[in-house]
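The values are calculated or read from the model by the stated rules, or taken from the named source; none is laboratory data. Computed from a prediction, not measured in an experiment: that's the story for all the values here. Every residue, glycine as well, gets a Cβ built from its backbone with ideal geometry; the counts of neighbours run over all protein chains shown. Heavy atoms of the whole protein, side chains included, go into the accessibility calculation; ligands, DNA and RNA do not. Shrake-Rupley method; radii C 1.70, N 1.55, O 1.52, S 1.80 Å.
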Amino acid sequence: MPGKKLLSQNQGFIKAWELFTSKGTINRKLVRDIIADSWLRSKNYDVDPWTDRIEIQLTSEQLAAKRQQFSLLIKTAKHFMESMHKLVGSTGLIVRLTDKDGYILEFIGDKELIEQCGNLNLYIGCNVKEESIGTNAIGTALATGQSIQVLGAEHYCKQYHKWTSSASPIRDENDEVMGVISMTGPYENVHPHTLGMVVAAAEAIENEMKLEQTNKQLQTANKHFYAIMESISEGLITINNEGIVMDINLFARRFLSLNEEDIVGKSIRMVLDKAATYRILKIINSHKKYEESEVYFKNKDGRRISCIISVTPIKDMSTQQVEGIVITFKEARKVHKLVNRIVGAEAIYTFDDIIGESKKIKDTIKIASAAADNDSTILLMGESGTGKEMFAHSIHNKSPRRNKPFVFLNCAAIPRDLVATELFGYVDGAFTGARRGGHPGKFELADGGTIFLDEIGDMPLETQTSLLRVLETKEIVRIGGHDVIPTNVRVIAATHKDLNKEVELGNFRKDLYYRLNVMPIHIPPLRQRKKDIKVFIDYFINKTSINLGKKIVGVSNSFYEGMINYNWPGNVRELQNVVQMVINIVDDNTTLAYEHLPANIKSEEFSKEMLQDNEVSKELMTLEEIEKMAIYKTIQAVEGNIVLTSKILGIGRSTLYRKLDKYELNDVLK
């Protein structure tokens, strides 16, 4: 039985309710503001306070959809609802759970009581919002967002006056109300601690759902992480501070020919060589990131494979303590191929780019084209400027290796003591100043493709010995190292020297010469292909005039004859430079004539003939005068732009500055 105080209090509620429902007046001395405001809302909703039956509920399909939508809430809350019901340990009490719209999703309680009160919207699927049944604990908690206990006659509908209900909103991670938990029973069974119990249950449900959501997010994150690990196209291995493998992705397992159970839980020493293992353990102790280093992995068969690795420490977010590391790696060969593509290590010319109509050049192209189809070593011989590099490009682009790297090395352009390291690479610590982790050589970068060794005649003798061994064994050993690296490279060598004479002088190894001279190709000098000079002149005039933005109206026969009469010791390269110089100094809309040729191109005998035939009395210019004029006019044309001037003239900026000083042309820049 309820106490005298509660009975007296309820009598006051009854009087206040009767006054409001009969006259619309609220005695706020007898009624709490939260209840009074709810009565007013209920009246505005046109809820009948004297009704004896309210049936607003979902269809079975709608209810199934609701329960599916709030399945996590139901699953989480049910455990706490059962605990609450057991805790009060008495019949006559009902624990209900509703969604944010006031529909009952679950209940636990005295079945006889529920059957007796079937018209009180207690069943699953019934609606208990204020709009449906007026003031009640669940409806008012939803309306106000507050926990509340509604006693007896505080209910708006008279049929609920014998009941007391306590309710508390349940909020999601965004602090939005997603449902309400309540405990309801006859008025005489009311307990002062019921509301506190309901509030505690709501908080517990919220915390449990947050934890469940966090766990779900972690599970999703783990699934995503696993999917990413398994799908990335490089190896990934995680190890702890003791060097024990904790995880390994699909790429790494396939690369090392291992199953997950073969390596997880075992030492990283199983797949790394001794030097690499020492380095990895050192990184763990240093707590530092380590990038782009070359190490050797061992696969299941014991084969050593060169790889490029990066190492990242795994740190605890709060303590910053290193808990292990992540190793990512790719096979060095694939990295080298990627580098070649990025830096442009590819052949750009084909046989179609080689200009000429003479029989000699056509015969040479025919021989080179036939040589391209096999894998023999080729030796290109010819004077400087004859186009040996274009032939090397063309041979590669016609060969079966056309889609593989084309790597170039000029043996005369780098210091003699660095030729070997450029060709064969070096290991970590091979010499003072060596790059950490070592460095691949040109042969490794060219793997599968072609290496073009220009000016092979200038290669140091000690490097020649190593090159001979590579050609014989098709294997390299990096400078300072011991590991043998297989290499699959076609060699094209070129020289302007007579290697027979160099062999006689002791400057070139005879056995290497024989190794290189498998397929010799002689590229004829320009003086032996006079027929091609006019073709080159027209080609370079067109190309240079477009680049310089100058219009050349025509070319006289005297210009052609003067050029053809010259011996061209610098071959095609010299001819190209002369055409560029001439177009630089002439005015727009000029017809090129003999008089425009540099003095060194004009022969004395031919010049006399030209003077006599054309009655020319103009004073000839020296080569230096022509050069000075060319620099002067070019600087004026580009308004003092040094970069553009050096590019047009085909000389470096440092060279241009020296010539400005020489010809006292610095004032032109002002």
Solvent-accessible area of Trp50, probe 1.4 Å, all protein chains present, reported in Å² to the nearest ten, please. 140
Distance in nm between Ile228 and Lys531 label points, each 7 Å along Cα→Cβ, equals 6.6
For the chain, what is the calculated [θ] at 222 nm in deg cm²/dmol (nearest 500), taking -39500 (n - 2.57) for each run of four or more DSSP H residues and dividing by its residue count? -13500 deg cm²/dmol
Percent RCO, i.e. relative contact order, over the chain, from Cα pairs under 8 Å lying at least 6 residues apart: 7
Could you check the simple spin-label distance between Ile414 and Phe431, using points 7 Å along Cα→Cβ, in nm with one decimal? 1.1
Find out how many positive minus negative residues lie around Asp172, taking Lys and Arg as positive, Asp and Glu as negative, among other residues whose Cβ is under 9 Å from that of Asp172. -2
Linear extension gain, Gln636 paired with Asp511, 0.36 nm per residue minus alpha-carbon span: 39.4 nm
Where the accessible area of the chain is counted over protein heavy atoms with a 1.4 Å probe, how much of it, in %, is carbon and sulfur? 50
For the chain, what does the accessible surface come to per residue with a 1.4 Å probe? Please give it in Å². 52
Once R0 is set to 60 Å, what does the formula 1/(1 + (r/R0)^6) return for the Cβ-Cβ distance between Arg303 and Asn174, expressed as a FRET efficiency to the nearest 0.05? 0.60
R0 of 35 Å, Cβ-Cβ distance Thr25-Arg53: FRET efficiency to nearest 0.05: 0.80
At 0.36 nm per residue, minus the direct Cα-Cα distance, what do Lys501 and Ala370 gain on full extension? Give it in nm, one decimal, please. 44.4 nm
Sorted by packing (mean other beta-carbon atoms within 10 Å per residue), highest first, where do 513-521, 97-105, 142-150 land? 97-105, 142-150, 513-521
Please state the shape class of the stretch 201-301: rounded when a/c is under 1.5, otherwise prolate if a/b exceeds b/c and oblate if not, all from the C-alpha gyration tensor. prolate
With every protein chain kept in place and a 1.4 Å probe, the residues His393, His85 fall, from largest accessible area down, as His85, His393
For Cα Rg over 2.2 N^0.38 Å the list reads (i) 1.78; (ii) 0.94; (iii) 1.22; the calculated value is entry (i)
Sequence-separation-based contact order of the stretch 512-582, relative, with Cα cut under 8 Å and 6+ spacing, percent: 44
Normalised by the number of residues in the stretch 380-504, what is the relative contact order in percent for Cα pairs under 8 Å and 6+ residues apart? 32
Looking only at the chain, where both bridge partners belong to it, what percent of the DSSP beta bridges are antiparallel (to the nearest 5)? 75
Could you check the simple spin-label distance between Asn488 and Val326, using points 7 Å along Cα→Cβ, in nm with one decimal? 3.3
Local charge sum around Val47 (other residues, Cβ-Cβ under 15 Å, Lys/Arg +1, Asp/Glu -1)? -3
Test of understanding: what is the full-extension gain from Glu357 to Glu472, defined as 0.36 nm times their sequence separation minus their Cα-Cα distance? 37.5 nm
Counting only Cα, what are the radius of gyration and maximum Cα-Cα distance Dmax of the stretch 224-272, in Å? 10.2, 29
Solvent-accessible surface (1.4 angstrom probe) belonging to Lys223, in square angstrom, nearest 10: 140
Give, as a single signed number, the net charge of other residues whose beta carbon lies under 15 Å from the beta carbon of Thr21, with Lys and Arg counted +1 and Asp and Glu -1. 0
